[in-house]
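Written out below as structure tokens is the structure these notes cover.
The values are calculated or read from the model by the stated rules, or taken from the named source; none is laboratory data. All values reported here derive from a predicted model rather than from experimental measurement. Counting neighbours? That spans all protein chains shown, and the Cβs are built from the backbone with ideal geometry, glycine included. The area values use the complete protein model at the heavy-atom level, side chains included, leaving out ligands, DNA and RNA. Shrake-Rupley method; radii C 1.70, N 1.55, O 1.52, S 1.80 Å.
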Amino acid sequence: MSDVIHELELLGAEIEWPATPAFAPRAARAPRARSRRPSRRLILVVALAVLALAAGALAATGVIHFGGATITRVDTLPPVDKAPRLALGTPVRLAEAERILPFTLPPRLAHPDAVYMREDTINLLYLRDGKPRAVLTVFREGSGILDKLVYTTTKLRRVRVNGAPGLYVPDVHVVDFLYGGGPRLSQPTLLWVKDNLTYRLEARDALALASGG
Amino acid sequence: MSRPLTSEADLVARARRGDGDAYDQLVRAHQDIAFRTAWLVSGSAADAEDAAQEAFVKAWRALGRFREGAPFRPWLLAIVANEARNRRRSAGRREALVLRAAAERRPSAGAASPLEAAVLRTERRDELLAALERLSDDDRAVLGCRHLLGLGEEETAAALGIRRGTVKSRTSRALVRLRAELGEAP
């Protein structure tokens with residue numbers, strides 16, 4: 001078998017096929033009206049505009065404000081950037097970052113491998129074996145930089161992070177609007193609020209990293 | 001692993017006798033591959049849904065003409081794909097293939113975590129996807145059926161409404177064009 005055929009077969013397992021709808025195999029139903037559909041980008045823009053306009057109406061059913069983050073429950077996630085680039089900002093020294101935002105790091109996150117600043121937001125990158133393991137973002141409440149869309153079925157957990165109130169989003173099906181990029185899917189994320197600062201830790205083991213001594 | 005032939009044959013036999021529950025089970029067993037095939041052919045999830053739904057109803061009504069003992073899936077895929085072709089979108093308007101979220105992908109060597117995959121993307125995977133998207137509808141459909149969905153030649157022929165020999169030649173030519181898109185020697 002040639003390499004490209006093998007690669008195609010591997011790729012097939014990684015394709016995000018559209019979710020199979022619920023069919024009624026023996027019941028005819030009227031087909032949807034055919035129409036020229038707008039582009040995915042336009043759909044996304046409209047969806048976000050509707051979400052923004054309807055935020056108040058959704059509050060009772062699915063919008064959670066936590067620190068500087070807004071989490072909206074939706075039935076369907078919008079299209080995501082399939083090749084996201086995490087623009088973490090300009091590299092700065094940790095001491096400089098601490099002067100900009102007086103944040104406190106949990107013990108296991110006290111020594112980031114790199115620190116970046118982007119629009120008054122601090123991003124701390126943690127590596128393991130030279131590869132990204134976690135990103136901790138710190139920003140002020142009210143900065144409005146973080147919106148998350150989660151499935152209506154996602155079970156959010158209220159937790160404590162070293163005594164501070166926290167919210168854990170265990171589902172990987174989370175779309176962020178962060179770092180100025182397009183929406184993307186996120187790993188499990190832990191949010192906590194301390195001294196008017198919102199902390200967002202994206203890592204597979206976020207709870208252990210943030211809470212461990 | 002596929003359903004044992006006797007089990008499917010039994011379901012087909014029961015469905016041919018009018019057992020709706022048996023037919024529902026048959027559809028559930030094949031609806032994913034049917035819907036994805038329809039999507040590849042039509043280029044639209046909405047059209048694929050309509051096509052598959054219509055095809056399932058037509059297949060139910062046509063079960064009396066199904067040749068007993070024949071494999072069910074190619075027969076069903078042929079009906080689904082025919083409906084999908086009728087809804088096929090014009091070139092350039094098909095929905096793009098998209099990779100699953102990094103966190104959902106199967107672990108592979110060198111990609112230890114979803115975050116890593118997000119930060120350090122596998123360039124080759126993206127190149128391959130982009131090259132597929134640059135192919136013509138016919139080329140993408142045949143490669144999609146054969147190698148992304150893993151359909152056999154007979155099933156691909158049924159899905160695309162072409163002869164089995166045409167599947168072979170079209171696949172071969174599509175692979176040449178894909179390698180050219182990737183900048184590789186044929």
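Could you say which residue among B:Ala101, B:Ala112 is facing chain A (nearest Cβ under 8 Å), over 20 Å from B:Asp47 (Cβ atoms), in contact with a His (Cβ under 9 Å, 6 or more places away or on another chain) and at pLDDT below 90?
B:Ala101
Condition first: in a loop (DSSP other than H, G, I, E, B), at pLDDT below 70 and either under 30 Å from B:Leu97 (Cβ atoms) or hydroxyl-bearing (Ser, Thr, Tyr) (or both). Can you find one or more residues in the range A:87-94 that meet it? Yes, the conditions are met somewhere in the range A:87-94. Going through (1) in a helix (DSSP H, G or I); (2) touching a residue at least 60 places away in the same chain (Cβ under 8 Å) one by one, B:Gly69 falls short only on (1). Would you check if A:Tyr126 is at pLDDT 75 or above, open to solvent by less than 60 Å² (accessible area, probe 1.4 Å) and either more than 16 Å from A:Thr70 (Cβ to Cβ) or not assigned by TED's automatic domain parsing to the domain that holds A:Leu94 (or both)? Judged against the criteria, A:Tyr126 is a match. Applying the condition of being surrounded by fewer than 18 Cβ atoms within 10 Å (Cβ to Cβ) and more than 19 Å from the chain's Cα centre (by Cα) to the range A:110-119 and asking which residue is farthest from the other protein chains (Cβ to nearest Cβ) yields A:Ala110.
Taking the criterion of being within 14 Å of chain A (Cβ to nearest Cβ), under 23 Å from B:Ala13 (Cβ atoms) and under 17 Å from the mean Cα position of the chain (by Cα), the residues of the range B:44-79 that qualify are B:Ala55, B:Phe56, B:Phe72, B:Leu76, B:Ile79. The number of residues in the range B:17-32 being within 27 Å of B:Gly144 (Cα to Cα), more than 7 Å from chain A (Cβ to nearest Cβ) and open to solvent by 30 Å² or more (accessible area, probe 1.4 Å) comes to 3.
Residues checked against (1) at pLDDT below 90; (2) assigned to a loop (DSSP other than H, G, I, E, B):
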site: B:Ser7; (1), (2): yes, no
site: B:Ala13; (1), (2): yes, no
site: B:Ile33; (1), (2): no, no
site: B:Glu54; (1), (2): yes, no
site: B:Glu95; (1), (2): yes, yes
